[in-house]
Amino acid sequence: MKILVCISNVPDTTSKITFTDDGTTFNTAGIQYIINPYDEIALSKAIGLAEGGQGTITVINIGEANTEAAIRKALATGADEAVRVNAAPRDAWFVAHQIAAYAKDKGFDLILTGRESIDYNGSQVAAFVGELLGIPSVSTAKKIEIADHSATVEREIEGGKEVLSIPLPFIAGTAEGVAEPRIPNMRGIMSARTKPLEVIEPIEVPVLSKITRYETPEPRGTVTFVDAGEVEKLVDLLHNKARVI
Amino acid sequence: MSVLVYTENTNGSFKKSVYEVVSYAKAIADSLNTSLTAISIGDVEQSALTALGNYGASRVLNVSSDQLKQFVNQAYASVIAAAADQIGADLIVLSNSFSGKGLAPRVAAKVEAGLADGAVELPDVSSDNITVKKAAFSGKAFAITELTSAKKVIALNPNSFELRETGGNTTVETFQPDIPGNDLAAIIQDIVRTTDKVTLPDAEIVVSAGRGLKGPENWGMIEELADVLGAATACSKPVSDAGWRPHSEHVGQTGIAVSPNLYIAIGISGAIQHLAGVSASKTIVVINKDPEAPFFKVADYGIVGDAFDVVPRLTAAIKAYKGN
Ligand SMILES: Cc1cc2nc3c(=O)[nH]c(=O)nc-3n(C[C@H](O)[C@H](O)[C@H](O)COP(=O)(O)OP(=O)(O)OC[C@H]3O[C@@H](n4cnc5c(N)ncnc54)[C@H](O)[C@@H]3O)c2cc1C
């Protein structure tokens, strides 16, 4: 089985998010980058599926040279080879086109992404790629089981789940539950250095949208403390002041 | 330009988030001086379709065929794109629900539209390029996104827009586009609903608990408080990681982002990753025995106390208040 895993490089979850140039530019000063946590789930799932010579894993990242640490980590965790499309990931539409252009004639049986990236939270890439390649997509998969040429996939829905049967190839965005996250071991780290990492140039993609500016949430007022012995007072405040109950 | 809104049904009926998205689309249509058409796919009662008029849809396209009884994003996207084409809609609006997330990019790709997902308020339509404020960085920021394409798709976050009953009439028409066979490859075998109560992403009130609860056996009091409030339950990440609660309840940067009117956090410390997913809540109440817990810094109301003592009394006090 040939598996393609799409990974993105995102600010560490502890990052304080600020902007410069009048709110037009994300301030990268002091930001540590990590592999998007949901993409790690995708990668871990792929490794589980490929184990014991059952398949090969290619990771793809759309990013400039500074994402190579993340790519090497994915190789160290267990991917066989990597491709970096040499471009800043403008938006999900752009990224999806690069992935689809790369994947279209390679015969992948399965393409995995994280269900969303924790920076732009688009949850768009899986469905865009699915549409561009004309294959089924599942945007929030909680469980994936592959048997022969089809898969049973559980999809998250509000208040429950949907169980789908899907023929290969398809693309899924993975959420928690799909696989336990794996971490690189020493052997993996050593071998990652010699695994192939191909750099290719992006295709052109029409611009359909652009982020013009960022805003940060209004700071909240100071907290009003209520004595633990006076819960009725809290009920009163929630009803009469906040008007939420 | 006219506006098309997709009204997703759950088991044949419409949830509140559908009326939110119709109200939202109607407000946009009004500011564009155009009309609003809704499209419904699957088996929905005539009375529910007609009721969409109440929220401003002057026309409803009803797609009801055996092949499309269940949601398949590929086929539904083809239908919505065909409908947009037929009525000449340049703007398509839908809900940023789990299904909406699977659908919106496919629709946008089919009609070559710019997509703004996670919209949190009405867009600026003063120029041809519609500008949308959308949630980003897991609630830590908003990205003001300009859609520069001729056609546009906006996906509205649940609980971000109020219901507006305009009280209009609507005509329901049958719409029967061709479905490419390739669109029906994925087949739904089963739908399992673990709760028939209000669901977390669109709940107006969320009662959430963390590791301070000590173990899964103590969630009874959390569920009771949620019940009296008509709230959904949620939890912090370590709680779902430990298997005390299902992953679907995990809120935060790597879980579900919620924006209820009221978020009650019990025995949760308020780590940055947790706050990221809940800070869009309108009112936050924190109950924690540690007065130094970081969560108090972003709370509107706080009680310093032991959850095992405070929560049952709070539940009783709310019951008493509701009884009056
Ligand atoms: C990559 C990454 C992603 C993450 N994503 C998320 C995420 O999406 N969501 C998330 O929640 N976390 C996330 N985390 C974890 C996060 O950093 C915190 O560890 C977590 O939120 C803490 O959960 P907690 O508040 O339940 O537990 P703790 O931090 O252990 O806090 C327990 C709290 O309960 C209080 N308490 C104890 N006993 C009582 C009592 N009897 N009565 C009242 N209060 C009591 C304590 O004072 C304490 O404040 C992430 C971490 C990483 C590294």
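Across all Cα atoms of the stretch B:92-147, the radius of gyration (one decimal) and Dmax (whole number) stand at 11.4, 31 Å.
With viscosity set to 0.692 mPa s at 37 °C, what whole-number translational diffusion coefficient in µm²/s follows for the stretch B:1-78 from Stokes-Einstein and a Kirkwood radius over Cα pairs? D, rounded to a whole number, is 259 µm²/s.
Amide H to amide H distances under 5 Å link B:Lys151 with B:Gly114, where only residues 5 or more positions off or on other chains count and H is placed in the peptide plane. For the stretch B:67-199, what is one quarter of the convex hull surface built on the Cα atoms, given in nm²? Convex hull of Cα atoms, orientation-averaged projection: 10.6 nm².
Could you tell me whether the stretch A:139-208 comes out rounded, prolate or oblate from its Cα gyration tensor? Rule is a ≥ b ≥ c as square roots of the eigenvalues, rounded for a/c under 1.5, then prolate if a/b exceeds b/c, otherwise oblate. Note, shape of the stretch A:139-208 comes out oblate.
Per residue of B:166-172, other chain Cβ atoms within 10 Å of the residue Cβ number 0 on average.
When the alpha carbon coordinates of the stretch A:12-76 are projected onto the principal axes, the ranges are 52, 22, 16 Å, largest first.
Extension gain, B:Gln176 to B:Asp306, is 40.9 nm, computed as 0.36 nm per intervening residue step minus the present C-alpha separation. Spread over its residues, the convex hull of the C-alpha atoms of the stretch B:120-165 is 94 Å³ per residue. Expressed as a whole percent, the accessible area of chain B that falls on carbon and sulfur atoms is 47 (1.4 Å probe).
An oblate overall shape is assigned to the stretch A:159-200, the ratio a/c of its alpha-carbon gyration tensor axes (a ≥ b ≥ c) being 1.5 or greater and a/b not exceeding b/c.
Per residue, the convex hull spanned by the Cα atoms of the stretch A:91-245 measures out at 255 cubic angstrom. I need the Debye-formula profile for the stretch A:2-209: one equal scatterer per C-alpha, no solvent, reported as log10 I(q)/I(0) at q = 0.15, 0.17, 0.18 1/Å, two decimals. The Debye formula, applied to the Cα set alone, gives -0.93, -1.19, -1.34. Under the criterion of Cα pairs below 8 Å and six or more residues apart, the relative contact order for the stretch A:6-66 equals 42 percent. Take every pair of alpha-carbon atoms less than 8 Å apart whose residues are at least six positions apart; their mean separation over the length of chain A yields a relative contact order of 23 percent. Placing unit charges on the Cβ atoms only, positive for Lys and Arg and negative for Asp and Glu, gives the stretch A:21-85 a dipole magnitude near 200 debye about its Cα centre. Each peptide in A:186-198, B:55-67 gets a packing score, the mean of other Cβ atoms within 10 Å over its residues, and the list from highest to lowest is B:55-67, A:186-198.
Computed per residue of chain B from DSSP H runs no shorter than four, each worth -39500 (n - 2.57), the mean residue ellipticity at 222 nm is -8500 deg cm²/dmol.
Computed over the stretch A:1-125, the convex hull of the alpha-carbon atoms projects to a mean area of 7.7 nm².
Ordering of B:90-99, A:109-118 by packing is A:109-118, B:90-99, highest average first (other Cβ atoms within 10 Å, averaged per residue). Altogether, the Stokes-Einstein calculation at 25 °C and 0.890 mPa s, with the Kirkwood radius of the stretch B:241-284 over Cα pairs as Rh, returns a diffusion coefficient of 228 µm²/s. Evaluated over the Cα positions of chain B, the convex hull gives a direction-averaged projected area, one quarter of its surface, of 17.5 nm². Rounded to the nearest 5, the antiparallel percentage of DSSP beta bridges internal to the stretch B:33-182 is 30%.
Here, the stretch B:153-231 has an Rg and a Dmax of 20.3, 55 Å when only alpha carbons are counted. The C-alpha radius of gyration of the stretch B:200-322, expressed as a fraction of 2.2 N^0.38 Å, stands at 0.93. For chain B, the antiparallel share of DSSP beta bridges with both residues in that region comes to about 20%. Using all pairs of distinct alpha-carbon atoms, the Kirkwood hydrodynamic radius of the stretch A:185-245 works out to 19.2 angstrom. Each listed q (0.13 Å⁻¹) maps to a log10 I(q)/I(0) for the stretch B:1-151 from the Debye sum over equal C-alpha point scatterers, namely -0.54.
For the residue pairs B:Lys152/B:Lys297; B:Lys237/B:Lys297; A:Lys233/B:Lys282; A:Lys142/B:Lys69; A:Lys104/B:Lys101; A:Lys106/A:Lys143, the alpha carbons lie more than 30 Å apart in B:Lys152/B:Lys297. Note on chain A: antiparallel DSSP beta bridges, both residues inside, total approximately 40 percent of the bridges counted. Remark: relative contact order (chain B) = 15 percent; criterion is Cα-Cα distance under 8 angstrom and separation of 6 or more residues. Shape summary: the protein assembly as shown maps onto an equivalent ellipsoid whose semi-axes, from the alpha-carbon gyration tensor, are 35, 31, 23 Å in decreasing order. Rounded to the nearest 10 degrees, the angle from helix B:73-87 to the longest Cα principal axis of chain B is 50 degrees. With a/c under 1.5 counting as rounded, go ahead and sort the stretch B:271-324 into rounded, prolate or oblate using the C-alpha gyration tensor (a ≥ b ≥ c being the square roots of the eigenvalues; past the cut-off, prolate if a/b is larger than b/c, else oblate). Because a/c hits 1.5 or more and a/b fails to exceed b/c, the stretch B:271-324 counts as oblate. Rounded to the nearest 500, the helix-only mean residue ellipticity at 222 nm of chain A stands at -7000 deg cm²/dmol, with each DSSP H run of n ≥ 4 adding -39,500 (n - 2.57).
The values are calculated or read from the model by the stated rules, or taken from the named source; none is laboratory data. Predicted model only: the values in this text are computed from it and were never measured. Cβ atoms come from the backbone with ideal geometry, glycine included; neighbour counts cover every protein chain shown. Side chains included, ligands, DNA and RNA excluded: accessible areas come from the protein's heavy atoms. Shrake-Rupley method; radii C 1.70, N 1.55, O 1.52, S 1.80 Å.
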